[in-house]
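Notes to accompany the following structure.
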Amino acid sequence: MAGLATLGRIFDEHRVRLEAMIDRRLDPALRARTSSKDILQDAYILAKSRWPDFQRRLQSGSLTGSGPSTFSWLYRLSLDALIDAWRKHSSGPRDVRREMPLPESSTMQLGCNLIEPGAGPATQFQLAEVRELVRKAMAKLKDSDREILWMRKGDQLSFSEISEVLEITVNVASVRFTRALRRLGKIWQELYPDFGSTL
């Protein structure tokens, strides 16, 4: 069974990508209290405590399908550490997953998919308005829909990686993403019929 030295090496291999994922999801209020490096350190501590069990499950074949790659496993733990940080630094009983912001670039990409083309170059004010409209539409999605859109559009995970994180097949991951995108398009049309939709 691979020891903690192996975990440290694997963690270092994925450190840049994991930290970037956390950094994209940090909103200004949380960023004032903690950093992506601090949260990633918490994720590593969590990984150390769960590493022996993860190794046993891999060796016994008890994980779904072929089991997650180490990156997918570390991604899930990093997301858990981020959620824990939100809970620690947020006051009152709040829906942490619902309030985590979609990265700005991903919000704009979704906005461009939702709005019919042909309107010409957008001003900064218009771009800011679209971002806010997309966020409001995203807030009306189910957690599972929002999560898979985050993974695909925000964190740029492949469908294979999403399938490992969620322990589903690649085909199911692709279908869930497509359905989530369609639901977002439907919500968009209901909220903002004047914008139209390309989905």
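Quick notes
- Burial ranking of peptide ranges 26-36, 74-84, 167-177, 151-161 (average Cβ count within 10 Å, highest at the top): 74-84, 151-161, 167-177, 26-36
- With R₀ fixed at 22 Å, the C-beta to C-beta distance from residue 16 to residue 89 puts the FRET efficiency at about 0.35.
- Report note on the peptides 139-149, 38-48: ranked by the mean count of other C-beta atoms within 10 Å, highest first, their order is 38-48, 139-149.
- If you sort 164, 13, 129 by accessible surface, 1.4 Å probe, largest first, the order is 13, 129, 164.
The values are calculated or read from the model by the stated rules, or taken from the named source; none is laboratory data. Predicted, not measured: the structure shown is a model, and the values here were computed from it. Using ideal geometry, Cβ is built from the backbone for each residue, glycine included, and neighbour counts are taken over all protein chains shown. Areas reflect the complete protein model, heavy atoms only, side chains present, ligands, DNA and RNA absent. Shrake-Rupley method; radii C 1.70, N 1.55, O 1.52, S 1.80 Å.
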